[in-house]
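One structure below.
The values are calculated or read from the model by the stated rules, or taken from the named source; none is laboratory data. Note that the structure is predicted; figures quoted are calculated from it, not measured. With ideal geometry, Cβ positions are generated from the backbone for all residues, glycine too; neighbour counts draw on all protein chains shown. Remember, those area values only see protein heavy atoms, side chains included, never the ligands or the DNA or RNA. Shrake-Rupley method; radii C 1.70, N 1.55, O 1.52, S 1.80 Å.
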Amino acid sequence: AAFISTSAIVGFGGMAAEIGMSLIWLAGANIFFGIFLAFAVFGKRTRAVGLTLDAHTFPEFLSKRFASPFIRYFTAAVMIVSMPLYAAAVLIGAARILESLLGVPYEYALAAFSLLVAVYVLIGGLRGVMYTDALQGTLMIAGMLFLLIAMFIKLGGPIDAFSKLHAMKELVPPESAAAGHQGWLSDPKVFSPVWWTLYSSLVFGVGVGVLAQPHLAVRCLTVKTSAELNRAAAVGGVFILITVATPYVLGALSNVFFYEKDGVLASVAAGHNVDSVIPLLIKQAMPGWFSYFFMLVILSAAVSTLSSQFHAIGVAFGRDVLEAAARGRLSRRSSVLISRIGIVAAVFLTGFLSMKMGAGIIARATSIFFGIMASGWLAPFLLSLYWQRLTKAGAIAGMVSGLTAALIGFL
């Protein structure tokens, strides 16, 4: 639930409306890398090494593993600066849902939801975040299953729906076709701009990048026994299949719905803002009562992820920067207070970014953050678990060079 958010449902669902069903490879990558490898390869070793080191955060874990204060400060600083980019993507998805289904102005929806999540995290802490994740995850599964079945019924069943989508390949916009788009049920032309965007940035950038997400890695440090990780892998695979594959299928099929209804493609119906495709589809294709239930599903997805992110940012600021710099001179109560101040600051920064970032930004911002964390921290994190000969200098060189290369590439 902390992994899957409005970014996946609203942002990547909208990207599927533009790119097509090939995005389903991301669901496969999420299950293989984000669930099975994350729990079986990374999770158990992270828990074991974390217990040995008495580490409670991702920066603290790496710092103690290599006996390097620099790694702790550097990792925490990058989290504090870059994680609001991803949090803003999630927040935008929630605000777009409120804007579309309730008719609330985007700015008001953004402010109200930011305040809700801030209060929620400040009061509940990590334990409160994890318990409510379970409830929110259950709502997400129920909502997605109903949505998928209802959409297939509306389009005449799966066979008719996909047949209609295949027949629409001649409607691909000329500029998209020139960039490699070959239809919503076909893979983009190999090595074309669309192909590179799909596989390098979306499928592998996000699919592999999940292994180096600080707010997810810290979950492994809280698990009581390794057996729970085995159970989590089984449940997580089904959860990801339902909650991620569904919006990708719906995003692609939204073209059929809007073309039959209005004679236009989904992106045109949404005002050329792919972030608005899924909210608009829910509003126009589903019964009114379900729109409100699905709004609850989407907001649950947003809350469960944002709360994890804001908690990670706040703790990075309080525990990994200020408390570490104070070298034991701060009381635990003071550290918690500073972490809460960090959470409030993160909420304001995220809200500011959400106001400034343009249309169709959710999937892009998510891919950038996942790419940054994977490039800088995935290799040192993996080797810190399995290779005793990795040195402090090697880990720092990997982090700095990986982050630098990623930033240059994105810029």
Task: All positions within segment 1-59 that are surrounded by fewer than 18 Cβ atoms within 10 Å (Cβ to Cβ), out of contact with any Leu (no Cβ under 7 Å at 6 or more places or on another chain) and over 28 Å from L139 (Cα atoms) - done: V41, A48, L51, T52, L53, D54
Task: Residue count for segment 345-388, restricted to those that are part of a helix (DSSP H, G or I), aliphatic (A, V, I, L, M) and more than 21 Å from F58 (Cβ to Cβ) - done: 4
TODO: May I ask you to verify whether R96 is within 30 Å of G237 (Cβ to Cβ) and at pLDDT below 90?
DONE: yes
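If the requirement is being among the polar types (S, T, N, Q), open to solvent by 10 Å² or more (accessible area, probe 1.4 Å) and within 17 Å of I362 (Cβ to Cβ), which of these qualifies: S267, S254, S304?
One residue alone meets the criteria, S267.
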Open item on the list: Take T46 and tell me if it is of a type in the set (S, T, Y), assigned to a helix (DSSP H, G or I), touching a helix residue (DSSP H, G or I) at 6+ places or on another chain (Cβ under 6 Å) and over 30 Å from N273 (Cβ atoms).
Closed with: yes
Open item on the list: Criterion first (touching a Ser or Thr at 6+ places or on another chain (Cβ under 7 Å), of a type in the set (F, W, Y) and open to solvent by less than 10 Å² (accessible area, probe 1.4 Å)) does Y120 satisfy it?
Closed with: no
TODO: Collect the residues in segment 64-93 that are touching a helix residue (DSSP H, G or I) at 6+ places or on another chain (Cβ under 6 Å) and either without any contact (Cβ under 8 Å) to a residue 60 or more places away in the chain or not in a helix (DSSP H, G or I) (or both), keeping them in residue-number order.
DONE: K64, S68
- [ ] Could you give me the residue pairs with C-beta distances under 8 Å whose first residue belongs to segment 350-364 and is more than 14 Å from I9 (Cα to Cα), whose second residue is part of a helix (DSSP H, G or I) and of a type in the set (D, E) wherever it lies, and which are 6+ apart or on separate chains?
- [x] M355/E107; A359/D275
Open item on the list: Condition (residue is closer than 26 Å to G34 by Cβ and within 21 Å of the chain's Cα centre (by Cα)) applied to segment 386-400: is it met by at least one residue?
Closed with: no
